[in-house]
Amino acid sequence: MTHRYVIALGSNMRVPSLGDPRRVLAAALARMEERQIAVIDASRTRASRPVGPSQRLYANGAALVEAPWDPPRMLRELQTIEVAFGRRRQGSRWRGRPLDLDIILWSGGTWLSPELTIPHPLFRQRDFVAGPAAQVAADWRDPVTGFTLRQIAARVS
């Protein structure tokens with residue numbers, strides 16, 4: 001069975017072998033393809049202010065992807081990519097990140113486990129997530145509110 005996901009991408013740190021955060025996001029999309037995650041569409045990259053005390057601007061984007069895995073396995077695959085790009089999970093919650101990959105929506109609707117909640121609980125409040133997500137999957141509906149990504153993006157912009 002094939003699953004589709006809307007994935008949010010973010011970076012606010014250079015990765016030595018890749019370059020600035022925009023290049024990190026482009027490289028992350030390429031790495032997804034290498035790991036059997038087919039990128040169907042990707043948004044434009046945009047700059048956004050950080051949430052929390054970090055001072056560096058983020059590069060943000062979103063991708064509509066397809067993969068053969070259920071949400072827990074998809075989460076593990078995305079976390080493997082984050083680690084390969086230098087992400088460390090210990091330390092401050094709001095620290096800078098070389099790469100952040102979050103599952104926003106899933107073609108199967110909702111998912112709730114201790115490790116993962118789909119839809120992502122905060123995406124409806126974050127323009128830097130909802131805007132790019134609407135670029136790649138405008139007509140996808142949030143299974144909680146019933147609103148399309150286009151409608152959610154319009155509300156938070």
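How do the pairs read when you match residues in segment 9-32 that are closer than 18 Å to residue 131 by Cα with residues anywhere that are assigned to a helix (DSSP H, G or I) and among the hydrophobic types (A, V, I, L, M, F, W, C), using Cβ under 8 Å and keeping only pairs 6 or more apart or on different chains?
Close Cβ pairs (under 8 Å, with a partner that is assigned to a helix (DSSP H, G or I) and among the hydrophobic types (A, V, I, L, M, F, W, C)) amount to 9/25; 9/28; 9/29; 10/25; 10/128; 11/24; 11/25; 11/28.
Within segment 47-54, does at least one residue satisfy the condition of being among the charged types (D, E, K, R), touching a strand residue (DSSP E or B) at 6+ places or on another chain (Cβ under 8 Å) and over 12 Å from residue 101 (Cβ atoms)?
Yes, the conditions are met somewhere in segment 47-54.
If a residue has to be surrounded by 14 or more Cβ atoms within 10 Å (Cβ to Cβ), out of contact with any Asp or Glu (no Cβ under 8 Å at 6 or more places or on another chain), modelled with pLDDT of 95 or more and outside any helix (DSSP H, G or I) to count, how many in segment 63-95 make the cut?
2
With the requirement that a residue be farther than 23 Å from residue 69 by Cα and of a type in the set (A, V, I, L, M, F, W, C), what does segment 107-128 give you?
122, 128
The values are calculated or read from the model by the stated rules, or taken from the named source; none is laboratory data. Keep in mind the model is a prediction, meaning the values are calculated, not measured. Every residue, glycine as well, gets a Cβ built from its backbone with ideal geometry; the counts of neighbours run over all protein chains shown.
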